[in-house]
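Down below is the structure, laid out as structure tokens.
The values are calculated or read from the model by the stated rules, or taken from the named source; none is laboratory data. None of these values were measured; they are calculated from a predicted model. Quick reminder, even Gly has a Cβ in these numbers, built from the backbone with ideal geometry, and neighbours come from all protein chains shown.
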Amino acid sequence: MTFDVVIRRAYVVDGTGNDPFVADIGVKADRIVSIGDLGTTQAAQVVEAEGRYLSPGFIDVHTHDDSCAIRQPEMLPKITQGITTVIVGNCGISASPVKLVGDVPDPMNLLGESDAFFQTFDAFAEAVEMAVPTVNVAALIGHTTLRAGAMTGFDRSASDEEILVMRQALRTALRGGAIGLSSGLAYTNARQATSREVKALVEVVGEEGGIYTTHMRNERDLLFEAMDEAFETARHGHVPLVISHLKCADVDNWGKSGHALEKLELAVRGQPCNCDCYPYSACSTTLDLWRVSDQFDILVTWSKPYPEQGRRLLSEIAAEWEVDLTEAARRLMPAGAIYHNMDEADVRRVLAHPLTMIGSDGLPSDPNPHPRLWGSFPRVIGHYCRDEALFDLPEAIRKMTSMSAARFGLTDRGVIREGAFADLTLFDFDRICDEASFVEPTKPAVGIDWVMVNGQPTWMEGTVLNRAGRLLRREGTIE
Ligand code: ZN
Ligand code: CU
């Protein structure tokens with residue numbers, strides 16, 4: 001047999017949690033066709049792994065790359081980390097299906113201005129396919145986006161007629177290949193939605209075979225109640241659940257992660273559920289008054305009325321303006337911020353849990369982004385696995401590949417086996433390191449040496465070689 005590409009003598013971490021083994025990998029067209037000792041078989045291209053690790057390409061299960069995939073199809077923040085698939089449309093905000101004019105409601109503005117949105121999922125899917133990003137894209141439909149399409153204001157729950165409009169829009173998108181529904185119930189523009197409203201949508205997700213992900217109503221004092229709501233909502237629709245960025249926010253709630261994970265373990269006995277997590281103890285989103293606190297640092301990343309205040313602490317700005325934090329925030333809005341509101345011990349406990357997948361939650365439109373955008377995946381391997389021994393390498397990789405592919409119904413991805421898609425990442429375990437920091441947030445990671453997407457060599461030595469990413473439409477029911 002001849003191959004298009006052979007990767008020779010790699011330490012293969014196959015994504016399933018198995019121990020690494022040395023093998024050659026043969027790729028033909030877009031698939032892995034042979035694993036083993038391929039001797040001197042012919043190949044159009046040979047990559048010598050030389051002691052480096054080869055894993056399935058990483059799957060970033062929590063992104064806001066909807067617009068980035070279309071407008072910056074090289075997707076450098078992702079491909080430089082060895083990511084080969086992104087799930088877009090998280091936290092209730094997706095780029096379709098909605099037509100917007102004028103100001104974009106919070107937090108949909110994290111995706112861009114009104115021209116970043118598409119009236120139908122088909123139009124969005126076509127735009128992604130035309131752009132041909134470096135990585136594959138699978139898309140959730142956002143609850144807040146559906147609200148924006150069906151309602152004139154957000155300060156109430158949707159009426160029965162509006163729920164019908166949302167259900168229809170959601171169903172059409174799911175039939176077009178969207179993989180499920182996301183919600184962002186903590187946000188001001190979704191908070192008034194009752195459980196009943198969300199359940200009416202999750203019913204449709206269940207009927208069409210999709211998944212439900214949720215940025216829960218509360219990640220602080222009412223964390224456990226919010227988890228119960230998420231479990232109940234998913235059960236109502238008979239859909240798998242992913243709790244987005246499970247965390248214990250704000251000082252008073254530090255230490256709750258143990259019990260939160262116990263609740264997740266209990267729930268998983270009766271229904272499919274997981275969570276995702278990014279490897280940092282600071283979160284980032286829009287600036288909102290209810291999030292303001294003097295108990296931790298808040299770094300303003302952007303501000304529409306005061307763009308020059310980006311990369312400054314809210315406390316500094318407030319002092320300079322001689323106002324309190326809330327008043328300063330009010331003047332800066334609409335704005336974005338990084339909140340240092342988590343405890344490292346909670347972050348580790350969640351990250352290490354076997355039900356946790358890795359998702360960056362990076363914000364590519366932010367001019368001063370949280371470093372998770374460029375650093376999450378190498379940080380999990382370099383910092384948390386190699387340096388801190390929070391988990392072993394096969395487990396770190398499983399959290400970024402096979403678990404994620406199975407949970408989101410990405411067929412033949414997230415594993416190295418014959419017949420699977422050739423989405424592959426070759427990395428140097430000794431060197432791998434996230435370089436992005438809160439000071440230099442867009443510094444690319446090091447140690448990701450070579451990346452293949454759908455059988456096409458895509459990234460090598462700091463250069464994009466090809467763009468071969470696809471829009472991944474849902475195939476069948478996600479179990
Ligand atoms: Zn979120
Ligand atoms: Cu998010």
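Evaluate the following for Thr84: is it part of a strand (DSSP E or B), buried (at least 19 other Cβ atoms within 10 Å of the Cβ) and away from ligand 2 (no atom under 15 Å from the Cβ)?
Working: part of a strand (DSSP E or B): yes; buried (at least 19 other Cβ atoms within 10 Å of the Cβ): yes; away from ligand 2 (no atom under 15 Å from the Cβ): yes.
Yes.
Taking each residue of the stretch 222-250 that is over 21 Å from Tyr339 (Cα atoms) and looking for partners that are within 16 Å of ligand 2 (Cβ to nearest atom) and part of a loop (DSSP other than H, G, I, E, B) with beta-carbon atoms closer than 6 Å, six or more apart or interchain, yields Ala230/Met216. For the stretch 192-224, taking the residues that are away from ligand 1 (no atom under 13 Å from the Cβ) and assigned to a loop (DSSP other than H, G, I, E, B), the one that is farthest from His245 (Cα to Cα) is identified as Gly209.
Ala178: more than 20 Å from the chain's Cα centre (by Cα) and either crowded, with 24+ Cβ neighbours inside 10 Å or assigned by TED's automatic domain parsing to the domain that holds Ser244 (or both), yes or no? For Ala178, the condition - more than 20 Å from the chain's Cα centre (by Cα) and either crowded, with 24+ Cβ neighbours inside 10 Å or assigned by TED's automatic domain parsing to the domain that holds Ser244 (or both) - is not met. When Leu201 is tested against the conditions (1) farther than 14 Å from Leu264 by Cβ; (2) touching a Ser or Thr at 6+ places or on another chain (Cβ under 6 Å); (3) surrounded by 24 or more Cβ atoms within 10 Å (Cβ to Cβ); (4) not β-branched (Val, Ile, Thr), the lone failure is (2).
State yes or no: is Gln192 under 17 Å from Ser94 (Cα atoms) and not β-branched (Val, Ile, Thr)? For Gln192, the condition - under 17 Å from Ser94 (Cα atoms) and not β-branched (Val, Ile, Thr) - is not met.
May I ask you to verify whether Arg156 is under 24 Å from Pro240 (Cα atoms), of a type in the set (D, E, K, R) and away from ligand 1 (no atom under 16 Å from the Cβ)?
In short, no.
Please find, among His245, His236, the residue that is within 15 Å of ligand 1 (Cβ to nearest atom) and assigned by TED's automatic domain parsing to the domain that holds Cys91. Result of the check over His245, His236: His245. Sort out which residues of the stretch 165-175 are within 15 Å of Val98 (Cα to Cα) and either without any contact (Cβ under 8 Å) to a residue 24 or more places away in the chain or of a type outside the set (Ser, Thr, Tyr) (or both), and write them in order of number. Val165, Met166, Arg167, Gln168, Ala169, Leu170, Arg171, Ala173, Leu174 - these are the residues of the stretch 165-175 that are within 15 Å of Val98 (Cα to Cα) and either without any contact (Cβ under 8 Å) to a residue 24 or more places away in the chain or of a type outside the set (Ser, Thr, Tyr) (or both).
Given the structure, is Thr233 more than 16 Å from ligand 2 (Cβ to nearest atom) and within 18 Å of Gly142 (Cα to Cα)? In short, yes. Of all residues in the stretch 298-339, exactly one satisfies the criterion of being over 23 Å from Leu363 (Cα atoms), among the hydrophobic types (A, V, I, L, M, F, W, C) and assigned to a loop (DSSP other than H, G, I, E, B), namely Val323. In a residue-by-residue description of the stretch 353-360, the property of being farther than 26 Å from Asp228 by Cα, assigned by TED's automatic domain parsing to the domain that holds Asp392, modelled with pLDDT of 95 or more and of a type in the set (A, V, I, L, M, F, W, C) applies to no position.
Scan the stretch 441-475 for residues that are at pLDDT 95 or above and either among the aliphatic types (A, V, I, L, M) or under 21 Å from the mean Cα position of the chain (by Cα) (or both) and the total you get is 24.
Within the stretch 55-81, restricting attention to residues that are surrounded by fewer than 24 Cβ atoms within 10 Å (Cβ to Cβ) and among the hydrophobic types (A, V, I, L, M, F, W, C), the residue that is nearest to Gly455 (Cα to Cα) is Leu76.
To keep it simple, each residue is scored yes or no on (1) within 30 Å of Ala405 (Cα to Cα); (2) within 16 Å of ligand 1 (Cβ to nearest atom); (3) in contact with a helix residue (DSSP H, G or I) (Cβ under 9 Å, 6 or more places away or on another chain).
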site	(1), (2), (3)
Glu262	yes, no, no
Leu287	no, yes, yes
Val292	no, no, yes
Leu299	no, no, yes
Trp302	no, no, yes
Tyr306	no, no, yes
Ala318	no, no, yes
Ile338	yes, yes, no
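The residues on offer are Met452, Met357, and the sole one that is touching a strand residue (DSSP E or B) at 6+ places or on another chain (Cβ under 6 Å), away from ligand 2 (no atom under 16 Å from the Cβ), assigned to a strand (DSSP E or B) and touching a residue at least 40 places away in the same chain (Cβ under 8 Å) is Met452.
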